[in-house]
Amino acid sequence: MNLRSAARGFLVFLLSAPALHGNSDGTVTYSTSNVCALGGAMVDISCTYEYADDIQHEEATVNSLWFTKGDKSQPVDLEHDTNYTGRVEYSCGEIHCQHLRCHGTCTLRIKDLRHSDSAVYKFRFTTRHARQYTGDPGVTLSVTDLRVKVSIPSPVSSPDWTKLECLSTCDLAGDPTYIWFRNGFNVGDGKWYWNQPEGGEIFSCAVEGYEHLRSPVVSLQGNNGEGTVTYPQSSLVCTLRGATADLDSTYEYPYDVQYNPTTVKTLWFTKGNKSQHTDLLSDADYTGRVESSCGEVSCTGSRCHGTCTLRIKDLRLTDSATYKFRFTTNHPKGEYPGDPEMTLSVTDLQVKLYFPYAVDPTYAKLNCVKTCGQAGDTPYIWFKNGQNVGRGEHYMDYSQSGNNYSCAVEGYHLRSPLVCKSPQ
C-alpha cells in the first residue's frame, strides 16, 4: 500500500501471517506479521477470523479484543490498558457466511505511537459457546524515529559535497517519500540529499504526511576545515527534577584531517558563546553533578566519528537550559560547536483533581501532569494515603473526603505534592 493512500495512517503491511489451530478450532489471519511505524504517527493492524466447523452456524461472536499483556487465559484488553488510554480504537465488521463458513474482520488502530508500544499484538475472539480463540504468533510492531546520517563519499575528488541519508531502525515499507528540511525550510524529497555546506546550516528529514515528526537536526559547519556534530535525541529533552539526564552527541572529523585524526579536547557548555564558554565540568552550579563520557574515535573509510555523553545527576529546575557540545582537533581551525543545541527542560509532577459528575461528589478523577513532554508518554504510579493503588496517566476513585493522593514516575522515588480530597 502506498503511504499517500494510507490516509496518513499505517506505514507498513508485509507478510500475511495465518494463525491456525486445527479443523475443530477457529482461525485468525493477520494482514501482516511485522509493522514498522514512526513514533507519534498512527498504525492500523488488521486481521480476519473464522469460526470453527461445529459452531459456525451460530454466527455469534460474544467478544473480541486485542492484547499484548497476559496469556491466552487472562489477556489484558488494550481498550482497558491504561498505557493506551484514549489512543486505541477497534473497528470490527459484520460476520459473513458462505457454505457454512463464517468470517469476521477486526482492525486495531493505535494513535500517537510511543516507543513503549513496540510489542507483539494478538487478536482473540470468544463465541457464544464460550470458546476462545487466539491468533498466534501475532503481529510484531516496532516504533522507530528518523535520523540523518552524514557522509562525504569522495573526500579527495569531491570534498565539498556532503551526502545526507534519512534512516530508521526498521524498514518503512509502502515506498514512503522522504522530505528534507534545511534551516527549517523544505528543500526537496528523496532518500538522500546532496549538499555543499556553507557553514551554520542545519538539516532534518521527515516522511511525507508526517512532516511534523522530523528527525533530530544535524549541523553542517562546512567542509573547509570544519566538522559536524549531531544530537541523536530529540532537540527537546524533558526530565524530572531529582532524576538523571543523559545528553548524547556524535561528532565527525572534517575530511582534511581524516588521515591523522586527533581529538584535543571535548566539552559541554550552556553559558557564553562560541568563542568564550564555560565547561560544565568547571561550572560551580554543576559541581559534583556532571560527568562527561566520550568513546574512542572510529573510522569508516576516510571519515572518523566519535561519541560523547553528558550525564547530569540530581537535576534541578535551574538546570533547564540549552546545552551545546564542542570539540577541538589538531587542525589549525579545528574547534567546532554543535549548533543549534539541545534544550533540557526539568519539571515537577502535579496532581490535578476533577469531579466529573456534580451530582456525585464521591467520584473523583485525578491526572498526573508535568510541564513538558507529551501527555501520557510516561508510566505513572498512584498513591492513596501513601499506599500504591495502581498505575496509569489517570486515576479514578470513589471515596469519602479526607483522602490524600500523589503520583510518581515508575522507577523514581520522587512523588508529586499531596492533593487532599476535601468535602464537597
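The values are calculated or read from the model by the stated rules, or taken from the named source; none is laboratory data. On a predicted model such as this, the values are computed, not experimentally measured, just so you know. For neighbour counting, all protein chains shown are included, and Cβ atoms are generated from backbone atoms with ideal geometry for every residue, glycine included.
Note on segment 59-74: among residues that are surrounded by 14 or more Cβ atoms within 10 Å (Cβ to Cβ) and at pLDDT 70 or above, the one that is nearest to residue 120 (Cα to Cα) is 68.
Within segment 198-220, take every residue that is surrounded by fewer than 21 Cβ atoms within 10 Å (Cβ to Cβ) and at pLDDT below 70 and give me the one that is farthest from the chain's Cα centre (by Cα). So, considering only residues that are surrounded by fewer than 21 Cβ atoms within 10 Å (Cβ to Cβ) and at pLDDT below 70, the one farthest from the chain's Cα centre (by Cα) is 198. Taken as a whole, the condition of being of a type in the set (Gly, Ala, Ser) and within 27 Å of residue 169 (Cα to Cα) does not apply to residue 130. Across segment 125-143, the number of residues qualifying as surrounded by fewer than 20 Cβ atoms within 10 Å (Cβ to Cβ) and farther than 15 Å from residue 73 by Cα comes to 5. On the given criteria, is residue 372 at pLDDT below 85, touching a strand residue (DSSP E or B) at 6+ places or on another chain (Cβ under 9 Å) and surrounded by 13 or more Cβ atoms within 10 Å (Cβ to Cβ)? Answer is yes for this residue.
For segment 243-267, a residue qualifies if it is modelled with pLDDT of 75 or more, in a loop (DSSP other than H, G, I, E, B) and of a type outside the set (A, V, I, L, M), and exactly one does: 244. Counting only residues that are among the hydrophobic types (A, V, I, L, M, F, W, C) and surrounded by 18 or more Cβ atoms within 10 Å (Cβ to Cβ), segment 75-124 holds 8 of them. Of all the numbered requirements in (1) at pLDDT below 85; (2) touching a strand residue (DSSP E or B) at 6+ places or on another chain (Cβ under 8 Å); (3) over 16 Å from residue 329 (Cα atoms), residue 301 misses one, and that requirement is (2).
Rundown of residues vs (1) modelled with pLDDT of 90 or more; (2) more than 19 Å from residue 120 (Cα to Cα), yes/no style:
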position: 18; (1), (2): no, no
position: 25; (1), (2): no, yes
position: 28; (1), (2): yes, no
position: 35; (1), (2): yes, no
position: 38; (1), (2): yes, no
position: 42; (1), (2): yes, no
position: 50; (1), (2): no, yes
position: 54; (1), (2): no, yes
position: 57; (1), (2): no, yes
